[in-house]
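Here is the structure we will look at.
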Amino acid sequence: MKIAVVGTGYVGLVTGTCLAETGNDVLCIDIDQEKVNKMQNGEVPIYEPHLDVLFERNIKANRLRFSTSLEEGLEHGDIIFLALPTPEDEDGSADLKYILGVADNIGKLIKDYKVIVDKSTVPVGTSDKVKAAIAKHAKVEFDVVSNPEFLREGFAVDDFLKPERIVVGSSSERATKLMEKLYKPYVRSGNPIIIMDEKSAELTKYASNSFLAAKITFMNEIANFCEKVGADVDKVRIGMGTDSRIGKRFLFPGIGYGGSCFPKDVKALHKSGQENNYNFKILDAVINVNARQKLVLIPKIENHFNNDLKGKNIAVWGLAFKPETDDIREAPSLYMIDQLLSQGCNIKAFDPEAMPNVKRKLGDKITFADNMYDTLENADALVISTEWSIFRTPNFSKMKDLMKGHTIFDGRNLYEVNEVQNEGFKYISIGR
């Protein structure tokens, strides 16, 4: 099938590349000429495991191409995916200017029947707005479909190629048949393509992400309470997770969630509720608790140093909001670093992928190390903020030799408490 993907951010690039991988002829559209040139030369603009292999293979096979021309994309594709940014507006709502702007241009350029697919995460009712924007100028038939993505950063390629489910919001039999044909290769093992109305599909994405954010936040509250009463959150987590009604996933406590999805989507659903005269009280709590949780280690650090952090050398392991990505959007590490800098600390950090992005944001406010151990030289303490696998089995003897102070503040509970204490460290984690 011939596909056009408008927007080559995280969702658009993974979508376009994975659709090409099953034999489709994909043209990706982006207004950034420099970015398009780089992609045409085989340069992947984001870090995502396994994406580079598929990207290179499909470019060589001429199944994956790039352009800055929306008109060319419309001429090429039978199905047009809109994978455009929906940034958080000042009031927490999703800003639809990019999607509606492209929809308006599609209406002016469309020459024959197309299925327009909202792939971006959008508020309930967006498909109606896209339809209206296109219809304002269009002189031919078209359909608008909602097809939210459920891609986890770090696992996006696998999630796309082997989805648990595919949600399609469509009120058109013609469009539905095309979408089922497109996705048939991805559900051969029997996982469902779920057809529903457009508004339900739009809400499914927001509801899913908000529920997971609430699950994470609840466990963070339990972890904080464990510290008050002397319980061990790891044991509580295992006891809860073996209940099939609850499940094991998203029960790991830490320093809050970040990234491009959960913070934005929770706030957008909360705002949508307000716009429809409904108050999501649970989401109020999720937003507030998560904001506090990102800084939950700071009082522990202050207490350890008797509220005198000026001149202290703090090593930071992990900058991305989660492992296997270079995404630093809403990353807890950045909130902690801001607090530590404001109190006069010297920060030296390492992350396997995210350092270039942090350097663009913070410049020379902090120092960046070439490897995880270089951060530790003369450090008064180590703060762990991202659970990269390379941090899981460190050489504690080497760490002890390098560090001036032998204290670890672990925001991701990577180690067993007794193990680290037996190595001669003071070990402060979450909920234990």
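Data overview
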{"read-out": "Solvent exposure of the chain as accessible area per residue, Å², 1.4 Å probe", "value": "46 Å²"}
{"read-out": "Additional length obtainable on full extension of the chain from Lys235 to Ile282, 0.36 nm per residue less Cα span", "value": "14.4 nm"}
{"read-out": "Under 14 Å from Lys361, Cα to Cα: aspartates and glutamates that are on another chain or at least 8 residues apart", "value": "Asp326, Asp327, Glu330, Asp338"}
{"read-out": "Residue among Gly16, Asn62, Val6 farthest towards the positive dipole end of region 4-66, charges placed on Cβ", "value": "Asn62"}
{"read-out": "Heavy-atom accessible area order for Val296, Val236, Val157, largest first, 1.4 Å probe", "value": "Val236, Val296, Val157"}
{"read-out": "Highest-MSF residue in the chain out of Phe225, Phe321, Phe66 [GNM, Cα springs under 10 Å]", "value": "Phe225"}
{"read-out": "Accessible surface ranking that places the most exposed of Asp243, Asp158 first, with a 1.4 angstrom probe", "value": "Asp158, Asp243"}
{"read-out": "With all protein chains modelled, accessible area of Lys177 [1.4 Å, Å²]", "value": "120 Å²"}
{"read-out": "Exposure of Asp25 as accessible area (Å², to 10), given a probe of 1.4 Å and all protein chains", "value": "40 Å²"}
{"read-out": "Which listed pairs, of Lys97/Lys264; Lys248/Lys322; Lys129/Lys184; Lys184/Lys215; Lys199/Lys271, have C-alpha distances above 22 Å, in listed order", "value": "Lys129/Lys184; Lys184/Lys215"}
{"read-out": "Linear extension gain, Asp364 paired with Lys398, 0.36 nm per residue minus alpha-carbon span", "value": "9.5 nm"}
{"read-out": "Shape call, region 65-111: gyration tensor on alpha carbons, a/c limit 1.5", "value": "prolate"}
{"read-out": "For region 345-402: relative contact order, % (alpha-carbon pairs under 8 angstrom, 6 or more apart)", "value": "34 percent"}
{"read-out": "Sulfur and carbon atoms: percent of accessible area, the chain [1.4 Å]", "value": "49 percent"}
{"read-out": "Nearest-10 value in Å² for the accessible area of Val140, using the 1.4 Å probe", "value": "50 Å²"}
{"read-out": "Kirkwood Rh and Cα Rg combined as Rg over Rh, evaluated for region 159-232", "value": "1.24"}
{"read-out": "Charge dipole magnitude, Cβ of K and R +1, D and E -1 - the chain, Cα centre, debye nearest 20", "value": "540 debye"}
{"read-out": "Net charge contributed by nearby residues that have their C-beta within less than 14 Å of Ala223 (K/R +1, D/E -1)", "value": "+4"}
{"read-out": "Cα gyration tensor category, rounded, prolate or oblate, for the chain with a/c compared to 1.5", "value": "prolate"}
{"read-out": "By accessible area with a 1.4 Å probe, ligands and nucleic acids excluded, highest first: order of Glu43, Glu377", "value": "Glu377, Glu43"}
{"read-out": "Net charge dipole size for region 72-150 [Lys, Arg +1 and Asp, Glu -1 on Cβ; Debye, nearest 20]", "value": "380 debye"}
{"read-out": "Residue-span extension gain [Lys139 to Glu377] - 0.36 nm each, minus C-alpha spacing", "value": "78.9 nm"}
{"read-out": "Whether region 1-112 is rounded, prolate or oblate, judged on the alpha carbon gyration tensor where a/c under 1.5 counts as rounded", "value": "oblate"}
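The values are calculated or read from the model by the stated rules, or taken from the named source; none is laboratory data. All figures in this text were calculated on a predicted structure; none of them were measured in a lab. Glycine gets a Cβ as well: all are built from the backbone with ideal geometry, and neighbour counts include every protein chain shown. Please note that ligands, DNA and RNA were not included when accessible areas were found on the heavy atoms of the full protein model with its side chains. Shrake-Rupley method; radii C 1.70, N 1.55, O 1.52, S 1.80 Å.
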